[in-house]
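A short write-up of the structure that comes next.
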């Protein structure tokens, strides 16, 4: 891993931190193939450096953004992902859920929270929309965000009993057929006990965070993020017992591609990392020791996020909060009517007093 001269320049400028304190650092990861992402990322770089925060970028992405070592006073450029998020208090991602999954890969194991600014269609993992950039900047500068840990998967792939890949997943690990023409035959285990054999298109092993992703599309249940569980969803299985399963978070799940099958499988982790699984290969999935940490700006209920992201029909809802709001509106309107009635009564009394004064004056004349 190498760092450009910008890092040295950033260190000099950031040395103004009081009492030798470490300068604040924020990593920015951007989907630079989109103009909106480039605009937002540039705004973030400019604003954060103006507030004395060091901004770290991948050199390749910085070039796409038109940012060089001398563009701003506090810019750090790195040439690769190695330890990219180390020493950063936050990783800000400008893009969709795919970009956030990439950031989870970069930050996993460092404890650096990921804050997503959504430019995608759904953006279930994102905390802010592109129109909220100014609020995002203020929240970062003022440290108005809270960390939220999400259960992740420890994923291991074996071939002939030998470990060939050890990785992780935030959303899901899926074993799928490699060829469109052939299904694969797998055995699924839970806690080292065989559960069922399926001839299928694949099996999805998901976290609660991933329950709104591939798991959801495959017919699995949506699980609230604070629920600790692992999900198993077969894909187009030729079996009577082929229903989504919810198992304990400390369970060990395994999927083995049967040796006698003609189909070849492939392991996908978050749709980003793949491993070929020939007949006899096996994967084991369990809860990872380290979670993926997200940054939250709002303490909004997950239900509200579901409604907003999936545009669920809730018009005409009369829940307790809505009833209270309507009751308060009615009380306000009644109070307004009472105020107006008092004003009319005051005017009537004033006119009556005025007429009485005139009559009294006429009588004296």
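A few notes on this one:
- Selected residue (criterion: nearest to the chain's Cα centre (by Cα)) from residues of the stretch 124-151 that are more than 17 Å from residue 28 (Cβ to Cβ) and buried (at least 20 other Cβ atoms within 10 Å of the Cβ): 124
- Pairs, first closer than 18 Å to residue 223 by Cβ in the stretch 302-319, second part of a helix (DSSP H, G or I), C-beta under 7 Å, six or more apart: 312/306
- Scanning the stretch 227-243 for residues that are modelled with pLDDT under 95 and over 22 Å from residue 266 (Cα atoms) turns up 240, 241.
- Every residue from the stretch 146-177 that is without any contact (Cβ under 8 Å) to a residue 60 or more places away in the chain and either assigned to a strand (DSSP E or B) or in contact with a helix residue (DSSP H, G or I) (Cβ under 9 Å, 6 or more places away or on another chain) (or both): 162, 163, 166
Conditions tested, residue by residue: (1) touching a strand residue (DSSP E or B) at 6+ places or on another chain (Cβ under 6 Å); (2) modelled with pLDDT under 85; (3) surrounded by fewer than 17 Cβ atoms within 10 Å (Cβ to Cβ).
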residue: 2; (1), (2), (3): no, yes, yes
residue: 12; (1), (2), (3): no, yes, yes
residue: 18; (1), (2), (3): no, yes, yes
residue: 25; (1), (2), (3): yes, no, no
residue: 48; (1), (2), (3): yes, no, no
residue: 59; (1), (2), (3): yes, no, no
residue: 62; (1), (2), (3): yes, no, no
residue: 65; (1), (2), (3): no, no, no
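- Hey, residue 119 at pLDDT below 95, touching a strand residue (DSSP E or B) at 6+ places or on another chain (Cβ under 6 Å) and closer than 30 Å to residue 208 by Cα or not: yes
- Set side by side, the residues 143, 182 differ, and just one is within 20 Å of residue 298 (Cα to Cα) and part of a loop (DSSP other than H, G, I, E, B), which is 143.
- Of the residues making up the stretch 272-292, none is in contact (Cβ under 8 Å) with a residue 60 or more places away in the chain, in a helix (DSSP H, G or I) and either within 27 Å of the chain's Cα centre (by Cα) or exposed (fewer than 14 other Cβ atoms within 10 Å of the Cβ) (or both).
- From the options 58, 48, residue that is closer than 21 Å to residue 272 by Cβ, in contact (Cβ under 8 Å) with a residue 24 or more places away in the chain and not assigned by TED's automatic domain parsing to the domain that holds residue 208: 58
The values are calculated or read from the model by the stated rules, or taken from the named source; none is laboratory data. No experiment lies behind these values; they were computed from the predicted model shown. Positions of Cβ are generated from backbone atoms using ideal geometry, with glycine treated the same way; all protein chains shown enter the neighbour counts.
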